[in-house]
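First the structure, in the form of structure tokens, and then the observations on it.
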Amino acid sequence: MLEDIVAPLLAWYEENKRALPWREDRNPYHIWLSEIMLQQTRVEAVKGYYERFLDRLPEVRDLAAVPEDALMKLWQGLGYYNRARNLKRAAVMIMDDYGGVFPEEYEEILRLPGIGAYTAGAVASMAFGKAVPAVDGNVYRVYTRLVRESGDITQGKVQKGIREEISKIMPLDAPGEFNQAWMDLGAGVCIPVGEPLCEKCPLAEQCQARMAGDASLYPNKPKKKPRKREEKTVFILEYQGKYVLQKRPGQGLLAGLWEFPSQEGHLSPEEAGTFLREWGAWGDEVELLGPGKHIFTHIEWHMLGYLVHLKEMPQRGVENLVLASREEIRRDFSIPSAYGVYLERLMS
Ligand code: SF4
């Protein structure tokens, strides 16, 4: 019976819960922010960003009013920048539609931009004590092993079924703790990589996969498609002690962020020189900076970098350019970490 897990899971959580900065209070803004940051980033990496973000934007009203470039700068290094844009859009909606007071009901929270079923459940249960589940990858793993659920967990129907089953056993007096207990158990005991640590698990007696010895079969999810490989040449263009940056288009990958001008393909030094001339720019010899690689969810960038000291700025063929000093780049511009290898070189 699934309800038999409630007491041992809560008792285990009480003893073993992780001390995390966003668990120090029940402020919905803090919980929401941490959950959005944690969507694609490890807990240890999030801690520093979380504190820096709240130092700069301590209230929802501060987030609603922050200029886009300053927001991007705060988010620099976390990746998946649409998360930050949606945070701001949601903050504006909280100010406009709710008078600056975070909505309490699951359905209202779910309507905010960038918030899905998991995050709405996490905020509603942890901040407001609402008895709704928050089912993330950790919870899917623990649940599917516990009951040997073999449905494909990327399917909405299967996800909904799991949420409904967990809803039925939510303890009304501790829904936030219950949700966090699943998450912590999945993160530390019923782990995603390698054998689960069943000997430390409070649910070992109820776990069907442990008894069957087939925990590695769960959760069932289809294999990912291989990532698309893209080659590009990145230009670090110096002009009178400043560097050329270009704003990416407002839509698509890394939308609206600043980057170094680039071209598709790996260009030879001669081809790179030809490109510069086509842009109406010219400079000293191009200096090879070497390769760089960055892996996104569905794409891999394989880059080749060149440093060029320009005598003439590009005149045509490249748009949305600015010149920025090293200090300005460090302070005011959010350059995606995909360019980390070249940015480090520039700043060293
Ligand atoms: Fe996971 Fe093992 Fe616990 Fe089952 S007993 S939930 S497989 S850690």
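In the chain, the DSSP beta bridges split such that about 65 percent are antiparallel, to the nearest 5. The C-alpha radius of gyration of region 228-347, expressed as a fraction of 2.2 N^0.38 Å, stands at 0.99.
The smallest convex shape that holds all Cα atoms of region 152-307, its convex hull, gives 215 Å³ per residue. A 1.4 Å probe run over the protein chains yields, for region 92-166, 42 Å² of accessible area per residue, whole-number rounding.
Alpha carbon centre of region 296-338 versus region 175-205: separation in Å? Between the Cα centre of region 296-338 and that of region 175-205, the gap is 44 Å.
Each 10 Å bin from 0 upward holds the following percent of the Cα-Cα pairs of region 1-116: 12, 41, 30, 13, 4, 0. Stokes-Einstein, applied to the Kirkwood radius of the chain over Cα pairs at a viscosity of 1.002 mPa s and 20 °C, places its translational diffusion at 94 µm² s⁻¹.
Over region 207-278, the alpha carbon radius of gyration divided by the compact-protein estimate 2.2 N^0.38 Å works out to 2.04.
Carbon and sulfur: what percent of region 198-348's accessible surface (1.4 Å probe)?
49
For LYS130, the lysines whose Cα comes closer than 28 Å to its Cα, not counting residues fewer than 8 places off in the same chain, are LYS17, LYS47, LYS88, LYS157, LYS160, LYS168. Summary of the geometry: region 52-120 and region 237-279, compared by the centres of their Cα atoms, lie 31 Å apart. FRET efficiency for the pair SER150 and ARG61, taken as 1/(1 + (r/R0)^6) with r the Cβ-Cβ distance and R0 = 56 Å, rounds to 0.75. In whole percent, and with a 1.4 Å probe on the protein chains, what portion of the accessible area of region 1-110 is carbon and sulfur? Accessible surface attributable to carbon and sulfur in region 1-110 totals 48 percent. Projecting label points 7 angstrom from Cα along Cα→Cβ for GLU271 and VAL322 puts them 3.1 nm apart.
Panel note: the C-alpha atoms of region 160-237, placed on their principal axes, show extents of 60, 33, 25 Å (largest first).
For the chain, the longest stretch holding no GluC sites (Glu not before Pro) located in a DSSP loop with at most 16 other Cβ atoms within 10 Å is which?
With a cap of 16 other Cβ atoms within 10 Å, the longest stretch comes to 106-204.
The values are calculated or read from the model by the stated rules, or taken from the named source; none is laboratory data. Everything quoted here is computed from the prediction, not taken from an experiment. Every residue, glycine among them, receives a Cβ derived from its backbone with ideal geometry; neighbour counts consider all protein chains shown. Ligands, DNA and RNA are excluded from the accessible area calculation, which covers all protein heavy atoms including side chains. Shrake-Rupley method; radii C 1.70, N 1.55, O 1.52, S 1.80 Å.
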